[in-house]
Amino acid sequence: MGTERVWAYRVEEPHGSHGWRPHGGPSHRWRGRVTTESRSEDATYVAALIVTDLVTEWKVNGVTQQHMRVIVWTDEEGTGPEDAAFTLEIQPKVDGK
């Protein structure tokens, strides 16, 4: 009913002094598009969907939390967080013990 919206997303991981690189190499799972059907399903909602999938994969594979960022754009993928609708960075818990 005219409320559909397309979002592009990419999950990235830090790559030392080179900045960030796409997570999972050539995997298309961590880069793609999502179509939402409600105005309440905004860029934050899309990022939450992606993070939920990412964390589920970590748990299933016994992987500890990793440093990642999820970038969500309206319509088409942009170049980075500077032109994104929403960016979420996940940082692993650092425990000094």
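We did not get these values from a lab; they are worked out from the coordinates using the rules stated. As the structure is a computational prediction, the values presented were derived from the model and not from experiment. Heads up, the Cβs are rebuilt from the backbone with ideal geometry, glycines too, and the neighbour counts pull from every protein chain shown.
Within the range 50-85, whose backbone N sits under 17 Å from a point 7 Å along Cα→Cβ of V6?
Backbone N within reach: 72-79, 85.
Using the alpha-carbon atoms, what tilt in degrees (0 to 90, nearest 10) does helix 43-61 show relative to the longest principal axis of the chain?
40 degrees
Cα-based Rg of the range 1-59 per 2.2 N^0.38 Å, rounded to two decimals? Don't skip to the answer; put the middle values down first.
Working: Rg = 13.5 Å, N = 59, 2.2 N^0.38 = 10.4 Å.
Ratio of Cα Rg to 2.2 N^0.38 Å: 1.30.
Mind pulling the per residue volume of the convex hull built on the Cα atoms of the range 44-97? Å³ is fine.
So the per-residue Cα hull volume is 95 Å³.
I want to check the label-to-label distance for R39 and K59. Put each point 7 Å from Cα in the C-beta direction and report it in nm to one decimal.
Label-label distance for R39 and K59, simple model: 3.3 nm.
Counting other Cβ atoms within 10 Å, keep those with at most 13, restrict to DSSP loop, and tell me which trypsin sites (Lys or Arg not before Pro) in the range 6-51 are left.
R29, R39
Can you list residues whose amide H is under 5 Å from W20's amide H, if they're 5+ apart or on another chain and H is modeled 1.01 Å from N?
H15
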